[in-house]
Amino acid sequence: MHEELNQFARNEVWTLVSKTEQMNVIETKWVFKNKLDEQGIIVRNKARLVAKGYNQEEGIYFGETYSPMARLEAVRLLLAYACINGFKLHQMDVKSAFLNRYIDEDVYVSQRPGFEDHKYPDHVFKLKKVLYG
């Protein structure tokens, strides 16, 4: 969880602002996942802070909540094309790919559960960049 929050701080994903009555604040939650190796042994625990997107109302940005993923067929096609044309490919692990796009709208999320700011417990985060969820 600390690694995830450190990435948010490094990428300047949000700023802490005081909450007003006019703000529509989206709740957040932690999502946990165990990464396994080939033998099924846990090698890493992952934590993601996500926005609870399921509290949206249909018709209001309802179709814009998605998580782009590369399909296996697309990866195979890329590898085949690279082999045929003699391209050099390099692998790159991007842990925070979603956190690099700026938001044009005012979006507010609650403080992360278990990590509330003790000086400003009633404040919320105004997102500057995209958050998972």
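The values are calculated or read from the model by the stated rules, or taken from the named source; none is laboratory data. Please read these numbers as outputs of a predicted model, since none were measured by experiment. All Cβ positions, even for glycine, are placed from backbone atoms using ideal geometry, and neighbour counts span all protein chains on display.
Of all residue pairs spaced 6 or more apart or on separate chains, those with beta-carbon atoms under 8 Å, a first member in the stretch 10-21 that is over 13 Å from residue 109 (Cα atoms) and a second member that is loosely packed, with under 12 Cβ neighbours inside 10 Å are 11/100. Looking only at residues in the stretch 91-112 that are at pLDDT below 85 and hydroxyl-bearing (Ser, Thr, Tyr), the one that is farthest from residue 1 (Cα to Cα) is 102. Going by the conditions given, is residue 87 more than 21 Å from residue 2 (Cα to Cα), at pLDDT below 65 and surrounded by 10 or more Cβ atoms within 10 Å (Cβ to Cβ)? Considered against the rule, which asks whether it is more than 21 Å from residue 2 (Cα to Cα), at pLDDT below 65 and surrounded by 10 or more Cβ atoms within 10 Å (Cβ to Cβ), residue 87 comes out as no. Having 3 or more residues that are closer than 22 Å to residue 118 by Cβ and at pLDDT below 85 is the bar; report the strands (runs of 3 or more DSSP E) wholly within the stretch 1-72 that clear it. Ranges flagged: 28-36.
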